[in-house]
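Student: Handing you this structure, nothing more for now.
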Amino acid sequence: MYEVTIEQSGDFRSFIKSVVVVANGTRLKDGATGESLASPLILSDEELAVEKVTLTTTGKAIEFAVSGSVVDGEDGVVNEPMQWVVTVYKNGKEIEKKSLSFRDGKEIGMDDLNLYYN
């Protein structure tokens, strides 16, 4: 059983964000609503408009992967930086914690977050 929590801070609403979560062999569940979700799950800017997103697997996953990217929302506007703190748990135990900072003017097309477990 895996769980991933993405905590956002700073000026995160001024950036365009995307996160893909893959749990091969099982479905995902939204930690806030309890809703069952298909895997792979693509979280777009709309789903990432909140400070914290938590997803858990509903059963044993053969492999679990989290990847994401962040790009500057508007070229002409200077935004304050934003941060992600991504924590991954396996069977209730923290196995990884990664902090990422994003500044204005970031180029499109880079994978800023790429975590893989099997």
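The values are calculated or read from the model by the stated rules, or taken from the named source; none is laboratory data. Since the structure is predicted, the reported quantities are computational estimates derived from the model, not experimental observations. Here the Cβ is made from the backbone with ideal geometry for all residues, glycine too, and neighbour counts use every protein chain on show. Heads up: the accessible areas ignore ligands, DNA and RNA and are worked out on the full protein's heavy atoms, side chains in. Shrake-Rupley method; radii C 1.70, N 1.55, O 1.52, S 1.80 Å.
Student: Per residue, how much accessible area does the range 2-117 have with a 1.4 Å probe, in Å²?
Tutor: For the range 2-117, the per-residue accessible area is 55 Å².
Student: Sticking with this one: Would you give the gap between the C-alpha center of the range 50-97 and the C-alpha center of the range 1-38, rounded to a whole Å?
Tutor: Measuring centre to centre over Cα atoms gives 6 Å.
Student: Students often get this wrong, so try it: which of [x] 20.2, 72; [y] 13.6, 40; [z] 14.2, 46 is Rg and Dmax of the Cα atoms in Å as calculated from the structure shown?
Tutor: The calculated read-out lines up with [z].
Student: Could you work out the longest stretch of the chain that avoids the GluC sites (Glu not before Pro) located in DSSP loops with at most 12 other Cβ atoms within 10 Å?
Tutor: Result for the longest clean stretch: 1-34.
Student: Tell me which of Thr56, Ser18, Val70 sits at the most positive position along the dipole axis of the range 2-117, charges placed on C-beta atoms (Lys, Arg +1; Asp, Glu -1).
Tutor: Selected residue: Thr56.
Student: For a test of understanding, tell me how many lysine pairs in the chain have Cα atoms under 17 Å apart, given they are 8 or more places apart or on different chains.
Tutor: Going through the chain pair by pair, I get 11.
Student: Below 8 Å, C-alpha to C-alpha, sequence gap of six or more: please give me the relative contact order for the chain in percent.
Tutor: Reported as a whole number, the value is 35 percent.
Student: Percent of accessible area on the chain owned by carbon and sulfur, 1.4 Å probe?
Tutor: C and S atoms contribute 48 percent here.
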